[in-house]
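Report on the following structure.
Rule-based calculations on the coordinates, nothing more; no lab input. As the structure is a prediction and not an experimental result, all values here were calculated from the model. Note: ideal-geometry Cβ built from the backbone for every residue, glycine included; neighbour counts use all protein chains shown.
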Amino acid sequence: MSERLPPFDRDAERCVLGSLIRDNEVIPDILGIVAANAFYHDAHAKIYGAAVDCWSSGGRVDLVILANELRSRGHSEDIGGPAYLADLLECAPTAANAEYYAAIIRDKATLRKMIHLCTEICRDAYDQVGDVDELVSYAQREFLNVQGDTRRARTVIMSDLISEVENEIDRRSQHKGEVTGIPTGLLDLDLLTSGFHPGELAIIAARPSIGKTALAVNVCINASDNYASVLFNLEMARMELGTRILCGASGVNSQAVRSGRLSAEQVRKLIDAGNALRPRRIWFDDSPNQRARQIMATCRQLRSREKINLAVIDYLQLIGVEDRRMNRNEQVGEITRSLKLMARELELPVICLSQLSRNSEQREDKRPRLSDLRDSGAIEQDADTVIFLHRAGPQTTEPTEQIEAIVAKQRNGPCADVPLVFRKATMRFENYAPGIPM
């Protein structure tokens, strides 16, 4: 059985080359779709590279100029000489369809990359090379990179960038005061931050038992009318978290659920709350000691398959490390950089909870500062937004207490303190208003 040829389209390649020789105005459009290495035929790749270089240097591209450029590179005989260039010009009586033909070349190149990648992964799997999780992560990342290659280049000229910004300003001006990112559901906090935005890493930090996990769950639930999310809970099992969520939504005391001593009314409330929560598009992953690349692999999969809009991680100090030889400062720095890259690559906001050191408790006002972020200064450096949760008064046994959300860093906005109400019995945060019963 003869070996099958990889996907390619010789006619499309010839038509693109003929089009750019006939009309240099289409070259910028073609450049946004294909690079020289997308051409299957080596001769066509050489012609395309020479034509683009001539055009990029400020000159025109015609038969004579291109033939001379190829001759100076020693490629004239490789491509068939000036006669072949003339044939290419005849292939494209008009340059109107240049982008269409370029898209065909791009798609064929993508298929070839997929074939090559699958072959490479199969070989490594058969040879059992390296760590299994690492191979899976590599496969997911490379397949997404192949998918990304089918998009237009991200490089833009100033005029196009300004147009994009103006369009976004216009869009925001038509929705004055509205949250432009994923909302927390807490009005004052959303007004200050405009929500969480794609590509940003937000850190929510606090000392234990202040309500970090509760706030993270609240954000996911409040946003779930319009946005899908995934919550990585490295600290507690999903049954424990699920019970907490169901009790919070129903108002049933969690101790009654644990003991099983439930009245008929409480059972009804739990069923009603469960039915209301069931449609929420929130995924939970309670795998312990996950490393950053494992979290990223799961997010890639959910982003592609389920179109998630938000990733929440509870919490940073429990994320496993790749290299145990690094000191803790370096390990945490590596983790936060990975999370920031994940936010950029997948174009979604990443919220990561974090512990605080005991330094704040040793100060008289006990208010946390950026320097209190535990284990590494890289947390402050890599984060776009840092929010501290701080108990406004002494810890009490009261079912409701006031918590301050201290926005200590916001790369694209102001910093301020936002008062919130935390109802411990239902593990819910609410907007604060003067005179609200505590």
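Annotations for the structure displayed:
- Lys/Arg +1, Asp/Glu -1 at C-beta; the chain dipole; positive extreme among Pro82, Ala264, Leu117: Ala264
- Classification of the chain by its C-alpha gyration tensor yields a prolate form. The axis ratio a/c (a ≥ b ≥ c) is 1.5 or more, and a/b outweighs b/c.
- Share of pairwise Cα separations in region 205-286, more than 21 Å, in percent: 32 percent
- Label point at Leu63 placed 7 Å out along Cα→Cβ; residues across region 1-38 whose backbone nitrogen lies under 19 Å: 14-25
- Calculated P(r) tail over 24 Å for region 280-438, as whole % of Cα pairs: 44 percent
- A Stokes-Einstein calculation at 4 °C with viscosity 1.567 mPa s, built on the Kirkwood radius of region 10-148 over Cα pairs, returns a diffusion coefficient of 79 µm²/s.
- Only lysines eight or more places from Lys424 in sequence, or on another chain, were considered; those with a Cα closer than 20 Å are Lys212, Lys269.
- Using alpha-carbon coordinates, inclination of helix 98-127 to the longest axis of the chain, degrees: 60 degrees
- Full extension of the chain between Ser254 and Asn412 gives 52.9 nm of extra length, using 0.36 nm per residue less the Cα-Cα distance.
- Against the chain, whose longest principal axis is taken from its Cα atoms, helix 328-346 shows a tilt of about 60°.
- Dividing the mean sequence gap of close Cα pairs (under 8 Å, 6+ apart) by how many residues region 180-431 holds gives a relative contact order of 29 percent.
- Taking the charge dipole of region 171-314 about its Cα centre, with +1 at Lys and Arg Cβ atoms and -1 at Asp and Glu Cβ atoms, the residue from Thr213, Phe232, Leu246 reaching farthest to the positive side is Phe232.
- Building the convex hull from the alpha-carbon atoms of region 206-363 and averaging its projection over directions returns 11.2 nm².
- Using C-alpha pairs below 8 Å separated by at least 6 residues, the relative contact order for the chain is 16 percent.
- Between helix 81-91 and the chain: long-axis angle, C-alpha atoms, 0 to 90°, nearest 10: 60 degrees
- 21 Å Cα-Cα reach of Lys108 towards lysines, excluding residues that sit fewer than 8 places from it in its own chain: Lys46
- Cβ-placed point charges (K, R +1; D, E -1), dipole of the chain about Cα centre in debye, nearest 20: 1640 debye
- Counting only DSSP beta bridges with both residues in the chain, the antiparallel share comes to about 50 percent.
- Relative contact order %, region 10-148, counting alpha carbon pairs below 8 Å whose residues are six or more apart: 35 percent
- Summarising the strand pairing of region 180-431, around 50 percent of its internal DSSP beta bridges are antiparallel.
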